[in-house]
Every structure is written in structure tokens, then in C-alpha cells.
Amino acid sequence: MLFGFTDKFNSITSENLSLKITQKYAGDKEMLPFYYYDIFNSDNNFVGKISIRIGHNFHSYYNGNVGYEVFGEYRGCGYAYKACEMVLDVARFHEMEHIILVCDINNIASYKTIEKLGAELLEICEVPKEYFAWREGMEKQRIYRLDL
């Protein structure tokens with residue numbers, strides 16, 4: 001069965017940030033369906049990227065439902081936090097009751113962003129070798145849950 005994407009969220013805008021769709025991926029046995037966006041600030045500078053993965057499976061527990069990256073010169077402006085808030089409506093549209101957010105144990109900026117969103121820390125853990133993105137020397141992960 002093909003995943004039912006919507007065009008409703010091809011562009012998401014707020015007062016000082018906009019997300020523009022670059023990819024929709026239908027998913028496979030490991031990766032969930034996702035929407036992938038470029039992030040632009042109010043000056044229309046390309047400041048980063050964010051994805052929202054729809055649903056839950058074994059791999060998403062360690063990968064999370066949201067992945068984001070803010071480019072170096074734009075970090076510290078709150079763009080990751082705001083972009084995360086903006087994609088939550090996509091998850092809600094797809095009737096998700098919660099999302100999982102994950103970051104490396106020592107990624108202070110990411111876990112502060114995740115905690116600012118109101119997510120609850122579930123555990124800090126080693127990632128099992130069965131996880132599709134496992135690699136030797138992988139840091140422990142902070143696993144959070146955010147109820148929607």
C-alpha cells in the first residue's frame with residue numbers, strides 16, 4: 001500500500017521561517033515515509049534542512065521522527081526549534097499521537113532544542129546492531145517522546 005502524502009504541507013510558513021518541500025519518500029521495510037524540507041529564514045537565506053518521518057517502527061525509535069540540520073553560521077538563532085514546531089502539524093495531520101526525537105548523548109544543542117519542545121527523556125541507550133544506521137563507535141543516544 002502506498003503512503004498517502006498530502007500537498008497541504010508543501011510549504012509551511014511562520015513569521016520568520018519558511019519550510020519548502022524538497023522530497024517525499026514513500027518508505028520501505030526500514031525507513032518510514034517522510035517529508036523533507038529546506039529551511040529559509042526571513043531574509044530568504046537557506047539555513048538548514050528538516051524531515052518529519054510518519055509512523056513508528058523499530059528503526060524509528062533510534063532514528064526519531066524528526067531529523068534536522070542547521071548550517072554553522074545560522075546556529076544559535078532558534079531555527080531548529082521553530083522548524084521542529086512547524087513540522088508537528090504534519091505529524092498531527094497523519095494522526096500521530098506522539099513523536100520520538102533522538103540525538104547523540106553529547107549533542108547539547110539538539111537535546112536543549114528537544115527539551116524546549118517539551119519532550120520527555122525516555123532513556124539514554126546504546127543503539128542495537130539491528131538498527132539500519134548502526135555503525136561501529138556510535139555514541140549512546142538520548143531518546144525522547146513528545147506527545148502531540
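The values are calculated or read from the model by the stated rules, or taken from the named source; none is laboratory data. As the structure is a computational prediction, the values presented were derived from the model and not from experiment. FYI the Cβ positions are ideal-geometry reconstructions off the backbone, even for glycines, and counts take in every protein chain you see. Just the protein is used for accessible areas: all its heavy atoms, side chains included, with ligands, DNA and RNA removed. Shrake-Rupley method; radii C 1.70, N 1.55, O 1.52, S 1.80 Å.
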May I ask which residue of H98, F46, N63 lies farthest towards the positive end of the charge dipole of the stretch 7-130, with charges of +1 (Lys, Arg) and -1 (Asp, Glu) on Cβ and the Cα centre as origin? F46
By how many nm would the segment from E95 to E139 lengthen if fully extended, with 0.36 nm per residue of separation less the alpha-carbon distance? 12.7 nm
Between L148 and R75, what FRET efficiency follows from the Cβ-Cβ distance if R0 is 30 Å, with the result rounded to 0.05? 0.70
How long is the gain from I21 to F132 if the chain were fully straight, where each residue apart is worth 0.36 nm and the alpha carbon distance is subtracted? 37.5 nm
Exactly which GluC sites (Glu not before Pro) in the stretch 1-87 are in a DSSP loop and have at most 14 other Cβ atoms within 10 Å? E15, E30
Calculate what fraction, in whole %, of the accessible area of the stretch 104-147 sits on carbon and sulfur atoms when a 1.4 Å probe is rolled over the protein chains. 44 percent
Starting from the stretch 79-148, pick out the trypsin sites (Lys or Arg not before Pro) whose DSSP state is loop and whose Cβ has at most 12 other Cβ atoms within 10 Å. K129, R135
Taking only C-alpha pairs under 8 Å that are 6+ residues apart, what is the relative contact order of the chain in percent? 18 percent
Is it possible to state the helix-based mean residue ellipticity at 222 nm for the chain, with each DSSP H run of 4+ residues giving -39500 (n - 2.57), the sum divided by total residues, to the nearest 500 deg cm²/dmol? What is it? -6000 deg cm²/dmol
Among M138, M96, M86: highest mean-square fluctuation, GNM of the chain, C-alpha pairs under 10 Å: M138
Got a sec? What order do K20, K29, K8 fall in by accessible area at 1.4 Å, biggest, i.e. largest, first? K29, K8, K20
Could you pull out every one of the lysines with an alpha carbon less than 20 Å from that of K140, ignoring same-chain neighbours closer than 8 positions? K112, K129
For the stretch 1-69 and the stretch 100-148, what is the separation of their C-alpha centers, rounded to whole Å? 18 Å
Give me the extension gain from S42 to D28: residue separation times 0.36 nm, minus the current Cα-Cα distance, reported in nm with one decimal. 1.5 nm
Please work out the FRET efficiency for the pair L122 and S11, using the Cβ-Cβ distance as r and a Förster radius of 35 Å; give the result to the nearest 0.05. 0.60
